[in-house]
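J.: Have a look at this one before I ask anything.
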Amino acid sequence: MFNYQWIVKNIPFFLFLTGLAVLYIANGHNADRIVRNINNTNKELKELQFEYKTLKSELMFRSEEAEVLKAATPLGLKISRETPQRLK
């Protein structure tokens, strides 16, 4: 069954099977790499979303009138009690 001529006759088929095996392994490694990249991107996205929400809430807090007044007082600025004048 496994004589020399049979082996020589089937060399192209064996090479084809070897090529398929190499492609199968390469495809598996490529899929693993893509999944790893997706996971890393998702982690980075969650961190950036957390940072965005933190900075947004901090900005909203600093934009409140009382906080602006605290920051402006050392500069000598006060809230004007007069109504603004209209320019014509």
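Results for (1) at negative phi; (2) surrounded by 10 or more Cβ atoms within 10 Å (Cβ to Cβ); (3) of a type in the set (Phe, Trp, Tyr), shown as yes or no for each residue.
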residue	(1), (2), (3)
ASN39	yes, yes, no
GLN49	yes, yes, no
TYR52	yes, yes, yes
LYS56	yes, yes, no
GLY76	no, no, no
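J.: Spot the failing condition for LEU20; the list is (1) modelled with pLDDT under 95; (2) over 24 Å from the mean Cα position of the chain (by Cα), and only one is missed.
T.: Here LEU20 meets the rest and fails (1).
J.: For segment 30-80: of the residues being outside any helix (DSSP H, G or I) and hydroxyl-bearing (Ser, Thr, Tyr), which is modelled with the highest pLDDT?
T.: Residues of segment 30-80 outside any helix (DSSP H, G or I): 63-64, 76-80.
Checking the rest, the ones that are also hydroxyl-bearing (Ser, Thr, Tyr) come to 63, 80.
Numbers: SER63: 88, SER80: 82.
The extreme case among them is SER63.
J.: Related question: Name the residues in segment 1-29 that are surrounded by 10 or more Cβ atoms within 10 Å (Cβ to Cβ) and outside any helix (DSSP H, G or I), would you?
T.: ASN10
The values are calculated or read from the model by the stated rules, or taken from the named source; none is laboratory data. Quantities reported herein were computed from a predicted structural model and do not represent experimental measurements. Cβ: placed from backbone, ideal geometry, glycine included. Neighbour counts: every protein chain shown.
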